[in-house]
1. Residue under question is Gly241, and the condition is that it be in a loop (DSSP other than H, G, I, E, B) and crowded, with 20+ Cβ neighbours inside 10 Å; does it hold?
2. Could you tell me which of the residues Tyr22, Tyr7 is buried (at least 20 other Cβ atoms within 10 Å of the Cβ) and either in a helix (DSSP H, G or I) or touching a residue at least 12 places away in the same chain (Cβ under 8 Å) (or both)?
3. Are there any pairs, at least 6 apart or on different chains, whose C-beta atoms fall under 8 Å, with the first in the stretch 256-276 and closer than 15 Å to Phe39 by Cβ and free of Cβ contacts under 8 Å to residues at least 40 places away in the same chain and the second open to solvent by 50 Å² or more (accessible area, probe 1.4 Å) and part of a helix (DSSP H, G or I), and if so, which?
4. Would you point out which residue out of Ser272, Ser248, Ser255 is open to solvent by 20 Å² or more (accessible area, probe 1.4 Å) and of a type in the set (S, T, N, Q)?
5. Within the stretch 174-228, track down each residue that is without any contact (Cβ under 8 Å) to a residue 60 or more places away in the chain, open to solvent by less than 80 Å² (accessible area, probe 1.4 Å) and not in a helix (DSSP H, G or I).
6. Looking at the stretch 300-310, is at least one residue in contact with an Asp or Glu (Cβ under 8 Å, 6 or more places away or on another chain), of a type outside the set (Asp, Glu), touching a residue at least 40 places away in the same chain (Cβ under 8 Å) and closer than 26 Å to Val45 by Cα?
7. Would you mind telling me which numbered condition in (1) polar (S, T, N, Q); (2) open to solvent by 10 Å² or more (accessible area, probe 1.4 Å); (3) within 24 Å of the chain's Cα centre (by Cα) Thr74 fails?
8. Any residue at all in the stretch 41-57 that is in contact with a helix residue (DSSP H, G or I) (Cβ under 8 Å, 6 or more places away or on another chain), open to solvent by less than 20 Å² (accessible area, probe 1.4 Å) and outside any helix (DSSP H, G or I)?
Amino acid sequence: MSADFYYAIEVILNGLMAGVMYSLVALGFVLIFKASGIFNYAQGVMALFAALTLVGFQNGEIPFSHLINAIFGTDVHHFGWHMPAFFAILCALAVMILFAFLVEKYILKHLVNQEPIILFMATIGLAYFMEGFGDLMWGADIKKLDVGIPQGGNIWLEENTAFLGGDDFYGFYIDNLDIWATIFAAILVISLVIFSQYTKTGRALRAVADDHQAALSVGISLRSIWVIVWAIAGFVALVAGIMWGSKSGVQFSLSLIALKALPVLMLGGFTSIPGAIIGGLIIGVGEKLFEFLIGAPFLGGATENWFAYMLALLFLVFRPQGLFGEKIIERV
């Protein structure tokens, strides 16, 4: 086989890894939509806020230090200690669970049985609030996130595949971080599918999504279900924030990864957990291959920025429910 063939294989592998990163964000959207019928616009900001909180705990940063210094004329920024990554992750997870309780108590419980557009607008307001609150709490500077996940090219894989394409091929370059992201995503998806399909709470989540009032009438606590699902979505956002923050640094543009999750949802379906993964893989491989085969040689490159949205547009025209989504027919 020629070196070009193996370079194409490398592009596909890197596309699969990129797709997994997209899918991690899309999972949070799917979870909340399945359980409450809400399209959570704030999911990307939740990943950002979780990553900011994790870095803050790790580095021993004083929350609201900029505000404290402005009010009292002090110059304090750190407690003077560093927290191990494992305990920092647990503390950040506790913050996301607390966030789920607060969202349910002050937002969702007042919006039971409201129109979906009202719930959607509430999540838009929540997203902007969280972004500003995160800035106020931890500052807006770019932060480095290191939880001990290996980064850089996998040397073993590169050395053991260098012979495949002759002198013009130097081995497959796959980032270690992407490999770990794939492992974590696989564990998450399997766990969430088992939870959704085979547990009493998972079935209650689906019942709440179908009809709030019917779920209440059979004794399902709507408030408890919403706390659970937002807490799980917060955990998924934390995992996504760790992966993306480790890859590109924790900065406020991290919240924009939600935009890349939208085509993933359109392909996989808004109600399918496996669909979020399959959609992410299709988007990841598709944009990398399109750039490799058509974008760079014929269009001058930069096609990865818009390819996913063009593919999603085609799906909206011909299969709006996505590959694994439920087709909804309403009587008018």
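The values are calculated or read from the model by the stated rules, or taken from the named source; none is laboratory data. On a predicted model such as this, the values are computed, not experimentally measured, just so you know. Virtual Cβ from ideal backbone geometry, glycine too; neighbours counted across all protein chains shown. Only protein heavy atoms, including side chains, enter the accessible area calculation; ligands, DNA and RNA are left aside. Shrake-Rupley method; radii C 1.70, N 1.55, O 1.52, S 1.80 Å.
1. no
2. Going through Tyr22, Tyr7 in turn, just one is buried (at least 20 other Cβ atoms within 10 Å of the Cβ) and either in a helix (DSSP H, G or I) or touching a residue at least 12 places away in the same chain (Cβ under 8 Å) (or both): Tyr22.
3. Filtered contacts from the stretch 256-276: no entries.
4. Going through Ser272, Ser248, Ser255 in turn, just one is open to solvent by 20 Å² or more (accessible area, probe 1.4 Å) and of a type in the set (S, T, N, Q): Ser248.
5. Correct list: Thr199, Asp211, Gly219, Ile220, Ser221.
6. Yes, some residue in the stretch 300-310 is in contact with an Asp or Glu (Cβ under 8 Å, 6 or more places away or on another chain), of a type outside the set (Asp, Glu), touching a residue at least 40 places away in the same chain (Cβ under 8 Å) and closer than 26 Å to Val45 by Cα.
7. (3)
8. Yes, the stretch 41-57 contains a residue that is in contact with a helix residue (DSSP H, G or I) (Cβ under 8 Å, 6 or more places away or on another chain), open to solvent by less than 20 Å² (accessible area, probe 1.4 Å) and outside any helix (DSSP H, G or I).
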